[in-house]
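The values are calculated or read from the model by the stated rules, or taken from the named source; none is laboratory data. Fair warning: this is a prediction, and the values are worked out from it, not measured in the lab. Here the Cβ positions follow ideal geometry from the backbone for every residue, glycine too, while neighbour counts run over all protein chains shown. Only protein heavy atoms, including side chains, enter the accessible area calculation; ligands, DNA and RNA are left aside. Shrake-Rupley method; radii C 1.70, N 1.55, O 1.52, S 1.80 Å.
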Amino acid sequence: MNKKKTCLILFWILLIISFECVYRMTIFKNIIDSDFIQMLVFCLPISMILYIATTLLSEKTNKKVSTIVVLLLYVIFFAQMVYFQVYNNVFSIYSMTNGGQVFEFWRTILSTVYSGLYNYICLTVPVLLYFILRNKLFDFSSNNTLYTGLTFACFMLFSSFCLAYVALDRKAIYSSYNLYFNTHAPILSSKKFGLISTMGIDLNRLVFGMTEKKIEIIIDNNEKNEPIEEVKYNTIDIDFEKLKQNEDNEDIVMMHNYFESLEGTKKNEYTGMFEGKNVVFFLAESLDPVAIDRDLTPTLYKLSTSGFNFVNYYSPLYPASTADGEFRTEWSLISSRGDTHTLYAHRNIYSPYLFVNSFNDYNINVYHNYNGDYYNRRRYFNALGYENFKSCYYGLNLPCGTFHESDLDMVNITFDEYINSEEPFFAYYITLSGHLSYVRATNKVANKNWHLVEDLPYSDKVKGYLASNIELDRALESLIEKLTVAGKLDDTVIVLTPDHYPYGLSNSNLNELSLINRDDPFELYHSDLIIWNSAMEETIKVEKVGSNPDVLPTLLNLFGKEYDSRFIMGQDLLSDKEGLVVLANRSWISDTTKYNSVTDESVSTVGDIVDENYVSKMNNIVDNQFKISNMILEHNYYKKVFIKEEVETNEID
């Protein structure tokens, strides 16, 4: 093999390694760690297969193919780096087909690249070197059979090294074996295997499904304390033995065993506290505690510091941002899709605990001040049985000519549609005013309220964010005034949860206002949950940690709805069960501990020595939540447990 052929092989090896190293620096803030050598090994077979693929044809064609491959790899790494810096995750192969919606936020993309310009320059250098050196150092001519065979043998050898790594590391819950075969955790996979291998695994699962068909669920069979006095649980009497006897699918039988083993959460002094009251529910776009201010947003401040005051509530960002936040809030499950079809893909799945089913004796109206076709929301809500959904272009009388529509206008023009309802009403608002970008010139809501923030000592982006959320505050103010005039305020509960933290702001932007360090990978997601009723005589402080999936069971308990707390991933935040917040990368926060899955480090939040057995137990619980959520959706499991007849869908074209 001549020197130029050797240089070409070395180029592919160094290109892949350099791309992966820049990616690691961008995502994990370091290059060399305990998984670095394994990542290097996984780069080798990829380099060999690229060399083989680009030396099969004529020299001219091979050069063109090589150029296309180099540029394609560059674009993939570039896009993944941007995506992670915005969404804190790895986008899937499937998401690449829906990239148009992501690139609507091109200003945020440019801002992200500018903020990490050094890393993007480093990513670009190998590409520039390729164009400079390709005619001087590389031989793109077709290899003969012998050379191709030798290269393929090297590929097989390097692949066997990779498989050896996977086979030997299989004990830990996030071992190489589990990540490679049966656990979807792309951030952890990219750390061990590199980005290209992770995307290859993702593609394989998209086409063929999981290699491991049998998913092991580790059940925590701790002995249950015998109560001294009668204790009532939020559970339903379900004949699991009969369900198991009538089921042939092993996965579903295993799920029956799993749910039967759980204890559920206890009813408490707040059970039924709001029974029969009206609900106005806000899924607040990108709301963060930094936007809640006594003077600037007084209504938000009043609602968050009175009523129930949840001081340890978090809104983690998942790959599909708002779609995942919305899904996790109403379904109290974890979606593993991570793309813009997260909602629509589950439109024909039955859940007895969706708002439309658990509050089925209410007059339910859903409103969204953006295009109803985004995320396919119109068809999604219709298929789930929501008969009254209005959005821009579908019944909501808003201008809808620009991206940022007013939350205040949405509340004002819809209030009369439900206030005189004979039955209790449930108004569900999916807001938009707080959405990025926060540039005054292109955000009409921020521009509208700019005079209220222009003299504040913050950057323009932060001022734009605050101005945008003033609109939500005014919407709440108007709502309360209208409820008061209608004589319905005391009989109405206002609930508000963010869908996710404001990823349109950098950590440094958040730290301009935040009282806590938002560079912390956990505290970045510290948020606020509002559950407020004017008739509450005193503020009830809740210190348990919680997040979006906990909203549903907390409301079901407060409104005295019959439900089985074993079948959803969230829990009643007013119960005595330990709190748990699960991040997209499988890190977690409990009432006593924080665990970082990327660094495999845990720290006590109460000053105790961390019990490794406790960490292992909690890791199993978190892993179970991902697996069980996925299986519930895959098998339409609730339908098998809670109803016998076919669930009719109402999907429209």
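The helices (runs of 4 or more DSSP H) found wholly in the stretch 300-410 and carrying at least 2 residues that are within 28 Å of Met536 (Cβ to Cβ) occupy 322-331, 355-358. Kindly indicate whether any position in the stretch 545-554 is closer than 15 Å to Phe310 by Cα, part of a helix (DSSP H, G or I) and free of Cβ contacts under 8 Å to residues at least 40 places away in the same chain. Yes, that holds for at least one residue.
Cβ-Cβ contacts under 6 Å between residues 6 or more apart (or on different chains), taken from a first residue in the stretch 596-613 that is over 17 Å from Gly579 (Cβ atoms) to a second residue that is open to solvent by 70 Å² or more (accessible area, probe 1.4 Å), are absent.
This table checks each residue for (1) touching a Gly at 6+ places or on another chain (Cβ under 6 Å); (2) of a type in the set (Val, Ile, Thr).
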residue: Ile334; (1), (2): no, yes
residue: Asn348; (1), (2): no, no
residue: Ser351; (1), (2): no, no
residue: Glu387; (1), (2): no, no
residue: Tyr394; (1), (2): yes, no
residue: Pro399; (1), (2): no, no
residue: His404; (1), (2): no, no
residue: Leu408; (1), (2): no, no
residue: Ile419; (1), (2): no, yes
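Kindly indicate the residue of the stretch 474-522 that is assigned to a helix (DSSP H, G or I) and of a type in the set (D, E, K, R) and also surrounded by the most Cβ atoms within 10 Å (Cβ to Cβ) among those meeting that condition. Among those residues, the one meeting the criterion is Arg474.
The residue that is nearest to Cys21 (Cα to Cα), counting only those in the stretch 112-158 that are assigned to a helix (DSSP H, G or I), in contact (Cβ under 8 Å) with a residue 12 or more places away in the chain and among the polar types (S, T, N, Q), is Asn119. One residue stands out among those in the stretch 563-588 that are among the acidic types (Asp, Glu) and more than 23 Å from Pro352 (Cα to Cα): the one that is surrounded by the fewest Cβ atoms within 10 Å (Cβ to Cβ), which is Asp576.
Kindly provide the set of residues from the stretch 267-296 that are open to solvent by less than 30 Å² (accessible area, probe 1.4 Å), under 22 Å from Asp490 (Cα atoms) and not aromatic (Phe, Trp, Tyr), ordered by number. Within the stretch 267-296, Gly272, Asn278, Val279, Val280, Leu283 qualify. Per the conditions (1) more than 23 Å from Leu436 (Cβ to Cβ); (2) at pLDDT below 95, the sole criterion not satisfied by Gly338 is (1). Considering the stretch 247-266, the residues that are closer than 18 Å to Lys577 by Cα and polar (S, T, N, Q) include one that is least open to solvent (accessible area, probe 1.4 Å), namely Thr265. Candidates Phe415, Phe403, Phe426: the one that is touching a Lys or Arg at 6+ places or on another chain (Cβ under 6 Å) and of a type in the set (A, V, I, L, M, F, W, C) is Phe415.
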